[in-house]
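Right, I'll just put the structure down here and ask away after.
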Amino acid sequence: MHLVFYFILAVSITLAMIDSSEPSSDPPYFAFATPYAPSIAFGNVSDTFAIPNAGFRIRFPPGWSGIDMGHTVMVAPTGINSKTGVLNSSSNLEMVYLVLAWSNISDVLKNPDDRNVSAYHKYVKDSAKRIGCKVLSDEFVELNGINSQRVIGKCGSLDEESMLTYAIVAGRNMIFVGLKGLTPAFDANYETFMRSLRTIKIDEGQDIQAIISKTYPSN
């Protein structure tokens with residue numbers, strides 16, 4: 001599965017998870033995007049979060065809290081119900097969440113069809129379209145001194161949701177940190193999200209652009 005498709009899925013987790021007890025056929029690194037049984041209670045998270053084997057640390061926005069689902073963490077301004085996964089929001093301006101997801105880089109960056117970089121960028125847009133989103137911007141930018149990939153997009157039939165995701169490489173891990181929600185809530189919380197991003201610390205950061213260029217040759 002390709003990089004941008006993975007983290008577009010990561011920020012497309014439903015705000016109200018559908019009750020289901022059926023096992024998922026998705027690959028393990030897509031487990032966070034599948035419905036969960038309502039009997040499962042997730043761990044609570046707030047303040048700071050670390051991924052020890054990736055040497056990654058982040059401080060969440062003050063007052064935001066949420067749930068830890070294993071390889072995906074979600075936090076929101078008014079919290080998230082640990083049993084249902086539903087945002088504890090009372091207004092549209094609170095319908096937004098920060099999502100943090102990670103996986104082994106070998107599970108995310110694959111190029112079995114020998115795609116070149118041009119075909120890769122087309123695949124990015126086509127993948128977003130398949131899940132109801134469209135990519136407005138896809139570029140490499142510096143984040144805390146490390147080259148990252150930033151994707152900006154819109155989702156929903158009326159483009160009513162906004163999304164922003166940064167992908168970074170830490171050791172052998174690909175890490176995605178994104179903000180997604182109704183556009184008014186997204187806009188109101190954008191600066192808060194960016195302040196949280198600036199707290200990210202990585203022990204062994206790598207240049208994601210160099211890794212992608214190696215995986216997807218220019219010709």
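The values are calculated or read from the model by the stated rules, or taken from the named source; none is laboratory data. Every value quoted in this text rests on a predicted model; they were computed, and no experiment measured them. We place every Cβ from the backbone using ideal geometry, glycine too, and count neighbours over all the protein chains shown.
In region 198-212, which residue that is part of a helix (DSSP H, G or I) and crowded, with 20+ Cβ neighbours inside 10 Å is farthest from the chain's Cα centre (by Cα)?
Among them, the one singled out is I212.
Determine the pairs where a residue that is under 26 Å from I51 (Cα atoms) and among the hydroxyl-bearing types (S, T, Y), located within region 87-112, has a partner that is modelled with pLDDT of 75 or more and not in a loop (DSSP other than H, G, I, E, B) with Cβ atoms under 6 Å apart, the partner being 6 or more residues away or on another chain.
Within 6 Å, the pairs are Y97/M74; Y97/A76; S103/M174.
Restricting to region 161-187, and then to whatever is closer than 23 Å to S106 by Cα and either touching a Pro at 6+ places or on another chain (Cβ under 9 Å) or among the hydroxyl-bearing types (S, T, Y) (or both), can you tell me which residue is surrounded by the most Cβ atoms within 10 Å (Cβ to Cβ)?
Only one residue fits best here, namely T165.
Going residue by residue through region 147-160, is there one that turns out to be assigned to a strand (DSSP E or B), small (G, A, S) and surrounded by fewer than 19 Cβ atoms within 10 Å (Cβ to Cβ)?
no
While we're here: Looking at region 49-75, which of the residues that are within 18 Å of I168 (Cα to Cα) and free of Cβ contacts under 8 Å to residues at least 24 places away in the same chain is surrounded by the most Cβ atoms within 10 Å (Cβ to Cβ)?
Residue satisfying both the conditions and the ranking: A50.
Oh, and also: Are any of the residues in region 99-116 within 29 Å of N44 (Cα to Cα), modelled with pLDDT of 80 or more, under 20 Å from the mean Cα position of the chain (by Cα) and assigned to a loop (DSSP other than H, G, I, E, B)?
no
Every residue, every condition in (1) modelled with pLDDT of 90 or more; (2) in contact with a helix residue (DSSP H, G or I) (Cβ under 7 Å, 6 or more places away or on another chain); (3) closer than 20 Å to M74 by Cβ; (4) not polar (S, T, N, Q), yes or no:
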site: S127; (1), (2), (3), (4): no, yes, no, no
site: R130; (1), (2), (3), (4): no, no, no, yes
site: L136; (1), (2), (3), (4): yes, no, no, yes
site: E161; (1), (2), (3), (4): yes, yes, yes, yes
site: M174; (1), (2), (3), (4): no, yes, yes, yes
site: L179; (1), (2), (3), (4): yes, yes, yes, yes
site: L197; (1), (2), (3), (4): yes, no, yes, yes
